[in-house]
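The values are calculated or read from the model by the stated rules, or taken from the named source; none is laboratory data. Fair warning: this is a prediction, and the values are worked out from it, not measured in the lab. No Cβ is skipped: glycine too gets one built from the backbone with ideal geometry, and neighbour counts run over all protein chains shown. Each accessible area value is taken on the protein alone, full model and side chains, heavy atoms only, with ligands, DNA and RNA left out. Shrake-Rupley method; radii C 1.70, N 1.55, O 1.52, S 1.80 Å.
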Amino acid sequence: MDNGATMHLAVSLFPGTADPSPEPEFDRLARFAQKAEAAGLDMVLLADAAPASGGETANRQVTFEATTLLAALATVTSRIGLVAMASTVAHQPYNLARRFASLDITSHGRAGWHATMVQAPREAANFSRPEGFSRDDFRRRTEEYIGIVQGLWQGWDADALLFDKGGGRFHDPDKMHLLDHQGEFFSVRGPLNVARSPQDMPVLVLSGLSVSDMDIAARTADVILLEDRSAEDTKARRDDLKTRAAARGRDPDAVKVLMNVSPVTGGKPAALADKLEEQFRSTGCDGFNILMPAQFSALDDFVDLVLPELRRRDLFREHYRGATLRSHLGLAGAGDQ
């Protein structure tokens, strides 16, 4: 789907960590998303966490629930992708699938779900599971959960809804598919009572992968976030994921591998552009997820100083390709035909 060596760029936003200001925080978050959109970035990733019991994490401020924030930001943006983190522990798969399907329709195909393969400490204690899950149980449960959500998203064919008042037919029964899932952890009949997404289905972003999670990611993910390590290690993991995807009948380009990187504020733009270009070309990754520090001004520095340098080197596109997140990422099912 992609031509040339165009890198993809996302930016992670952590509500509640911005500079102290008397201005309402949503106004600042909205301006952040609008700045990223004006710059043509592929997507904004919205962090989230359920309150933990005890320890420092209990005091970590996350002002807005991420999917609620996504819905609000969708009303003040029109092109940039919006990806919300949502826990597989805090939500039932049917409700989460319905929520993201609704968000994808209301945002006109710009929504994505960020799931992690790492269990948050003590989170399960807030959801009737004080003992939490073993590492293996959490992995198997998350794999089953993702399969349910994606199955529900595909429960309606693109032309299933007829809205035929004269004939009294709301949908074509042959184009509606029950999930009828009976698994180890969940039982879900389906289908969703939400139409198919404008971009086929919301984008799935996965992070926190261990070696045992690679097959799950290669089979299900659209975007995989990897931690910044040596070029050799990153390239090996990227090649492994692409190989696993191909072995499961997927186009290797259907899985985008982005590296998490933290920009150095106040550094020379050309130096940061050099670093990104070198990592991009040496590792074969598809781009980067920029981890913004607390100061929102860091986005201004990146957009106003570094992006022009990347564009001068023909590494980052000038404009959006289409209207949906899948089109920005060069993924099938973009819905921009």
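Screening the stretch 285-337 for residues that are over 22 Å from the mean Cα position of the chain (by Cα) and among the polar types (S, T, N, Q) and picking the one that is least open to solvent (accessible area, probe 1.4 Å) gives SER297.
Residues of the stretch 235-290 that are at pLDDT below 90 and closer than 24 Å to LEU82 by Cα: SER262, PRO263. Considering the stretch 257-284 alone, what residues qualify as being among the small types (Gly, Ala, Ser) and open to solvent by 30 Å² or more (accessible area, probe 1.4 Å)? Those that are among the small types (Gly, Ala, Ser) and open to solvent by 30 Å² or more (accessible area, probe 1.4 Å): SER262, GLY266, GLY267, ALA270, ALA271, SER282. From the list ALA254, ALA247, the one residue that fits, being more than 16 Å from GLU143 (Cβ to Cβ), exposed (fewer than 13 other Cβ atoms within 10 Å of the Cβ) and hydrophobic (A, V, I, L, M, F, W, C), is ALA247. Within the stretch 54-76, which residues are more than 18 Å from the chain's Cα centre (by Cα), part of a loop (DSSP other than H, G, I, E, B) and either modelled with pLDDT of 85 or more or of a type in the set (D, E, K, R) (or both)? The answer is ARG60, THR75, VAL76. From the list ARG98, ARG169, ARG79, the one residue that fits, being open to solvent by 30 Å² or more (accessible area, probe 1.4 Å) and modelled with pLDDT under 95, is ARG169. Note on the stretch 101-147: residues that are among the aliphatic types (A, V, I, L, M) and open to solvent by less than 10 Å² (accessible area, probe 1.4 Å) total 6.
Annotation note: Cβ proximity below 8 Å between a residue of the stretch 195-222 that is at positive phi and a residue that is at pLDDT below 95 and open to solvent by 20 Å² or more (accessible area, probe 1.4 Å) (sequence gap 6+ or interchain) occurs for ASP200/ALA158; ASP200/ALA332; ASP200/GLY333; ASP200/GLY335; GLY208/THR116; GLY208/VAL118.
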